[in-house]
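K.L.:
One structure coming up, written as structure tokens, with questions to follow.
The numbers here are math on the coordinates, done by the rules we state, and not lab data. On a predicted model such as this, the values are computed, not experimentally measured, just so you know. Glycine also receives a Cβ, built like all others from the backbone with ideal geometry; neighbour counts cover every protein chain displayed.
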Ligand code: MSP
């Protein structure tokens, strides 16, 4: 199916409630999904929660709940917040869904029968925070660089191993050669180089089961072990389509993820798929991280920003705009409530809000008759969104907004009348319609309001879009 687009977010761990980091990925994915729909594509947009493993089991214990009770509770905080942000996902997958569990087992059984899984002893460290086996070279002063406050677990157990090393040559070839039948791409370029360098420096096989973790899917041929949570989680992208009987959407067009989980998505996932004889996703985009007021976001620092907090302060489209424009597409980007508020006031209240309000007023006063016109995506906006750069796309749109605001201030249309005024207003209205058209994937409700307000034949007065705060 050529006319389809399948896009996914990471499935979020339920040991934590939603924060601005999860929210930016999900909002950007929604923007890309909406853009593709406007291009006439059939879109399947998947998000969900990752519910098995040691980390979740520990969090449940701390709350005095069974893992399942705990998962039900926290998963809901994700599935309920996304619609409030106007996130238009097609399915919300939970890895505790029995249908998903069965698909994971079936897939592993295939890989096992293909002789790509064997038993061996794992000796080393495990970081519960990352749910990841770490090697000595990963460590910084004896700790995981992502979880410097957490003691690493020393582990020694019999596990099942997946022959990852066997797939390294074909993965390198598939990434590097655009004509390879299983070609896939990693964005941005710097992340692709990182993956290739690591692939070329030698890769070991990986343990894909755990003997001591009970909160997980049972290994189908050996019920004394559970499936390693990352293998279970990655398969969600495939199982979700099967569960929905929408297999025609496979392979995924885009896995949008954060940079810390790139190796799983750009190497381990593809190797598992190759081993199971399933075609590979087309693009993995690994974005960077938000810092909050120049610090890592963390519960202990008390600087975590929640989507609820943003919604209350900036509204749905205010929040979507602020996140999409500060999207850490290539580098980490620093955000914070003060910065968000400044940006809201300058770009939304003064920039877009002011432009729409004063033009609408002029049209109303002069009883302006609207011409017909057709709008399309600005080629620069199109190009940016197709590179997943919502930050860059919004810059382009806002430079048009700024130019038009400047032109109005220069023209002083309130001093004009008759034909001259009519000509000026025509120009303004046509440009506002184009701007609104381009805003649709980003701030859909506001874009629709502007489109309606200016569709003619007469202006429809609307309350102010973004009141100053
Ligand atoms: N459960 C795994 C993913 C499995 S996917 C098969 C996981 N979950 S998570 O809850 O930790 O979410 C990680 C994702 O949240 C990141 O990859 C990124 O998309 C988003 N973010 C979390 N913190 C972030 C920032 N500080 N900044 C930007 N995005 C971040 O990993």
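K.L.:
Where both residues lie in segment 4-287, what percent of DSSP beta bridges are antiparallel, nearest 5?
P.N.:
Working: 21 of 43 bridges.
Here the antiparallel bridges make up roughly 50 percent for segment 4-287.
K.L.:
Now for a different question. Kindly express, to the nearest 10 degrees and within the range 0 to 90, the angle between helix 354-365's C-alpha long axis and the longest C-alpha principal axis of the chain.
P.N.:
The angle comes out near 30 degrees.
K.L.:
Could I ask something else about it? Note the per residue figure in Å³ for the convex hull of the C-alpha positions in segment 184-238.
P.N.:
Numbers: hull volume 7.2 nm³, N = 55.
So the per-residue Cα hull volume is 130 Å³.
K.L.:
Could you calculate the contour length gain from residue 289 to residue 462, that is, 0.36 nm times the residue separation minus the distance between their Cα atoms, to one decimal place in nm?
P.N.:
Details: separation 173, 0.36 × 173 = 62.28 nm, distance 3.73 nm.
Value of the extension gain: 58.5 nm.
K.L.:
Further, regarding this structure: On full extension of the chain, what length is gained from residue 42 through residue 303, given 0.36 nm per residue of separation minus the C-alpha to C-alpha distance? All intermediate terms of the calculation are to be shown ahead of the outcome.
P.N.:
Details: separation 261, 0.36 × 261 = 93.96 nm, distance 3.91 nm.
Once the chain is fully extended between residue 42 and residue 303, it gains 90.1 nm.
K.L.:
With no solvent and one equal point scatterer placed on each C-alpha of segment 361-401, evaluate the Debye formula and give log10 I(q)/I(0) for q = 0.15, 0.16, 0.18 Å⁻¹, two decimals.
P.N.:
-0.54, -0.58, -0.63
K.L.:
Please express the shape of the chain as an equivalent ellipsoid: the semi-axes are the square roots of 5 times the eigenvalues of the C-alpha gyration tensor, given largest first in whole angstrom.
P.N.:
Values: eigenvalues 441, 107, 76 Å².
After diagonalising the Cα gyration tensor, the semi-axes are 47, 23, 19 Å.
K.L.:
Treating the Cα atoms of segment 127-190 as identical point scatterers in vacuum, please give the log10 of the normalised Debye intensity I(q)/I(0) at q = 0.15 Å⁻¹, two decimals.
P.N.:
-0.75
K.L.:
Counting DSSP beta bridges in segment 246-362, what percent are antiparallel, to the nearest 5?
P.N.:
Working: 1 of 9 bridges.
Close to 10 percent.
K.L.:
Using label points projected 7 Å from each Cα along Cα→Cβ, tell me how many nm separate residue 180 and residue 376, to one decimal.
P.N.:
Spacing of the two 7 Å Cα→Cβ label points: 3.6 nm.
K.L.:
So, one more: For 112, 126, 285, what ranking results if the residue with the fewest other Cβ atoms within 10 Å of its Cβ goes first?
P.N.:
Values: 112 18, 126 22, 285 25.
Ascending Cβ contact count within 10 Å gives the list 112, 126, 285.
K.L.:
First measure r as the distance between the Cβ atoms of residue 469 and residue 157, then evaluate 1/(1 + (r/R0)^6) with R0 = 56 Å and state the FRET efficiency to the nearest 0.05. Don't skip to the answer; put the middle values down first.
P.N.:
Details: r = 55 Å, r/R0 = 0.98.
With a Förster radius of 56 Å, E is 0.55.
K.L.:
List 433, 210, 400 from most exposed to least, where exposure is judged by having the fewest other Cβ atoms within 10 Å. Provide the component values of the computation, followed by the final result.
P.N.:
On the way: 433 21, 210 24, 400 18.
Listed from fewest to most nearby Cβ atoms, that is 400, 433, 210.
K.L.:
Report the equivalent ellipsoid semi-axes for segment 312-453 in whole Å, largest first, defined as the square roots of five times the eigenvalues of the gyration tensor built from alpha carbon atoms.
P.N.:
Values: eigenvalues 167, 55, 33 Å².
Working through the eigenvalues yields semi-axes of 29, 17, 13 Å.
K.L.:
Rank the residues 68, 259, 55 as a footprinting-exposure proxy: fewest other Cβ atoms within 10 Å of their Cβ go first. Each step should come with its number before you reach the end.
P.N.:
Numbers: 68 12, 259 17, 55 21.
With the sparsest Cβ surroundings first, the list reads 68, 259, 55.
K.L.:
Here's something else I'd like to know. Quick one: grab the alpha carbon gyration tensor of segment 89-213, order the square roots of its eigenvalues as a ≥ b ≥ c, and give me rounded if a/c is under 1.5, else prolate or oblate depending on whether a/b is larger than b/c.
P.N.:
Working: a/c = 1.40, a/b = 1.11, b/c = 1.26.
Because its axes are fairly even, with a/c under 1.5, segment 89-213 counts as rounded.
K.L.:
Please give the helix 444-453 orientation as an angle from the longest Cα principal axis of the chain, in degrees from 0 to 90, rounded to the nearest 10.
P.N.:
Tilt of helix 444-453: around 20 degrees.
K.L.:
Next question. With r defined as the distance between the Cβ atoms of residue 193 and residue 282 and R0 fixed at 22 Å, what FRET efficiency is calculated, to the nearest 0.05? All intermediate terms of the calculation are to be shown ahead of the outcome.
P.N.:
On the way: r = 19 Å, r/R0 = 0.86.
The formula returns an efficiency of 0.70 here.
K.L.:
Let me ask something else. Suppose the chain between residue 245 and residue 214 were pulled fully straight at 0.36 nm per residue; how much longer would it get relative to their current alpha carbon spacing? Each step should come with its number before you reach the end.
P.N.:
Values: separation 31, 0.36 × 31 = 11.16 nm, distance 3.00 nm.
Stretched out fully, the residue 245 to residue 214 stretch lengthens by 8.2 nm.
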